[in-house]
1. Counting only residues that are in contact with a Leu (Cβ under 6 Å, 6 or more places away or on another chain) and of a type in the set (S, T, N, Q), how many does the stretch 63-79 have?
2. In the stretch 120-145, what residues are more than 14 Å from the chain's Cα centre (by Cα), charged (D, E, K, R) and part of a strand (DSSP E or B)?
3. Which residues, counting only those in the stretch 53-100, are of a type in the set (S, T, N, Q) and under 18 Å from Arg2 (Cα atoms)?
4. Within the stretch 277-287, take every residue that is of a type outside the set (S, T, N, Q), closer than 15 Å to Leu138 by Cβ and at pLDDT below 95 and give me the one that is farthest from the chain's Cα centre (by Cα).
5. Of the residues that sit in the stretch 9-24 and are farther than 15 Å from Ala58 by Cβ and touching a strand residue (DSSP E or B) at 6+ places or on another chain (Cβ under 6 Å), which one is surrounded by the most Cβ atoms within 10 Å (Cβ to Cβ)?
6. Being surrounded by 17 or more Cβ atoms within 10 Å (Cβ to Cβ) and under 30 Å from Leu21 (Cβ atoms) is true for just one of Gly230, Gly280, Gly299. Which residue is that?
7. With the structure loaded, tell me whether Arg180 is part of a loop (DSSP other than H, G, I, E, B) and not hydrophobic (A, V, I, L, M, F, W, C) or whether it fails that test.
Amino acid sequence: MRLVTFSLSHNPASPRVGVWLSGSHQVLELGGRGSLPNDMLAFIAAGPAAWETARSVAESRSTTGYHLSEVRLHAPLLRPNSLRDFYAFEQHVATAHANRGRTVPPEWYEFPVFYFSNPFSVYGPDEDVPRPCYTEALDYELEVAAIIGAPGKDIQPEHAMQHIFGFTVFNDWSARDVQRREMKVGLGPAKGKDFASSFGPCIVTPDELAARQTGRPGVYDLTMTARVNGAECSRGNWKDIHYDFGQIVARASEEVMLYPGDVIGSGTVGTGCLLETTRGEGPWLVPGDVVELEIENIGTLKNRVV
């Protein structure tokens, strides 16, 4: 399924849960159908019985449908429980370190690392994202994010997919000048990251991607591209990730409970940010720039900087 949070164009203050029919411009309303919640977090937490009911509704099309032109898509998960972002693509890690005159630390190859970001500064598709007043080096980051569906602690890598509800496109907006100064202190990123995270346009369940799976947990042969003002700036592939989502979920859940609605980012795909493609020198994003991040078979996440 391709799950969305949407509202009718004339009533954007009332988001609801829907399913975007594959290969079409049709969104079916799911929220409020029998036992199905009208909120994505509650829908995910409701578990497999609710998901199967939604699948049946979608297959039978026995509910109200809208054309995409009639609706506004929001971030599919408006308020994640938590947001962890990993650093799992080797090409990005190596290039980022090379730009700072360093080599990749050997510890990076020992275990997947992550930081916590702000789950309350979430933006959805076609939303304007304000450039923070404290940065002159605004950057995008092209990532995939997994949404936890089943709770678990100390999850083994081979069982991770039993706990992942689906995947979405993730833009981990970054203030590079602030981030650079913060991390010299030995902490962060913090203010360099916590002002904005974009997700969307939908959450795609793993069965929709099965034809492109690679045999590694949560890894698919799918092209990832980024465009700024219509010009392609980045191109990579999900399959090139060093740590798969089995390893990532295992690390995140070690001695810690993961809950439905927790979001886990992959880190930036190789070439997936201006920090890489401009050798850390810019030019950076400015108000008026339109950023489009696309992952094949998931969709395109578009935002304008203001």
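The values are calculated or read from the model by the stated rules, or taken from the named source; none is laboratory data. Since the model is a prediction, treat every value here as computed from it, not as a measurement. Every residue, glycine as well, gets a Cβ built from its backbone with ideal geometry; the counts of neighbours run over all protein chains shown.
1. Selection size over the stretch 63-79: 1.
2. Within the stretch 120-145, the first condition is being more than 14 Å from the chain's Cα centre (by Cα), and the residues that meet it are 120, 126-139.
Right, trim to charged (D, E, K, R) and you get 126-128, 131, 136, 139.
Listed by number, the residues that qualify are Asp128, Asp139.
3. Here is the first cut: in the stretch 53-100, the ones of a type in the set (S, T, N, Q) are 53, 56, 60, 62-64, 69, 81-82, 91, 95, 99.
Within the stretch 53-100, Thr53, Ser56, Ser60, Ser62, Thr63, Thr64, Ser69 qualify.
4. Here is the first cut: in the stretch 277-287, the ones of a type outside the set (S, T, N, Q) are 279-287.
From what's left, closer than 15 Å to Leu138 by Cβ: 280-287.
Those left that are additionally at pLDDT below 95: 280-282.
Details: Gly280: 23, Glu281: 26, Gly282: 24 Å.
Top of the filtered list is Glu281.
5. As a first pass, look at the stretch 9-24 and keep what is farther than 15 Å from Ala58 by Cβ: 9-15.
Filter once more, so that each one left must be touching a strand residue (DSSP E or B) at 6+ places or on another chain (Cβ under 6 Å): 9, 12, 14-15.
On the way: Ser9: 11, Pro12: 12, Ser14: 10, Pro15: 22.
In this case the residue turns out to be Pro15.
6. Working: Gly230 fails: surrounded by 17 or more Cβ atoms within 10 Å (Cβ to Cβ); Gly280 fails: under 30 Å from Leu21 (Cβ atoms).
Within the list Gly230, Gly280, Gly299, the selection yields Gly299.
7. Numbers: part of a loop (DSSP other than H, G, I, E, B): no; not hydrophobic (A, V, I, L, M, F, W, C): yes.
No: the conditions fail for Arg180.
Every residue, every condition in (1) out of contact with any Gly (no Cβ under 9 Å at 6 or more places or on another chain); (2) in a loop (DSSP other than H, G, I, E, B), yes or no:
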position	(1), (2)
Glu232	yes, no
Glu255	yes, yes
Val263	yes, no
Thr271	no, yes
Arg279	yes, yes
Gly282	yes, yes
